[in-house]
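What follows is a set of notes on a single structure, which appears directly below.
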Amino acid sequence: MLRPKIPTMPTPTGLVTPPAVVQPTAVEPMQSPPAPAAQRPAVQITPGTALAVIGVGTAVVLVVGTVLVSMLLATAVTAASVAVCAVVVRSLMTSSAKRR
């Protein structure tokens, strides 16, 4: 009754091209070493550049600090509200048990 259907291999239609034959090639050693790369000049930091880097770094630290403090504050507010809800639920449960 329940027999799996096994797919049959379809027959190719149209023109069938044989696979391409890859010919191996010999690896030749390098004849001469490459020319040395030109020396780049050392980075020179001017007072203006140093001041800009310090300013950008300070801004990044302030932004990241603000984000982290706001996340910590959100977690603290959530924890406090859950604690208040737990106290209210506990109070309601104990008051209903005393009425019986």
- The listed residue being among the charged types (D, E, K, R), surrounded by 10 or more Cβ atoms within 10 Å (Cβ to Cβ) and out of contact with any helix residue (DSSP H, G or I) (no Cβ under 8 Å at 6 or more places or on another chain), out of 90, 3: 90
- Message: So for region 47-58 (the condition being at negative phi, loosely packed, with under 10 Cβ neighbours inside 10 Å, assigned to a loop (DSSP other than H, G, I, E, B) and not small (Gly, Ala, Ser)), does at least one residue qualify?
- Response: no
- Message: It is to be established whether one or more residues within region 36-46 are open to solvent by less than 80 Å² (accessible area, probe 1.4 Å) and aliphatic (A, V, I, L, M).
- Response: no
- Task: Would you point out which residue out of 38, 42 is part of a loop (DSSP other than H, G, I, E, B) and at pLDDT below 75?
- Result: 38
- Taking the condition at pLDDT 90 or above and either open to solvent by 100 Å² or more (accessible area, probe 1.4 Å) or touching a His at 6+ places or on another chain (Cβ under 6 Å) (or both), does residue 15 pass? no
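The values are calculated or read from the model by the stated rules, or taken from the named source; none is laboratory data. Here the structure is a predicted model, which is why all the values come from computation and not from measurement. Positions of Cβ are generated from backbone atoms using ideal geometry, with glycine treated the same way; all protein chains shown enter the neighbour counts. With ligands, DNA and RNA removed, areas are computed over all heavy atoms of the protein, side chains included. Shrake-Rupley method; radii C 1.70, N 1.55, O 1.52, S 1.80 Å.
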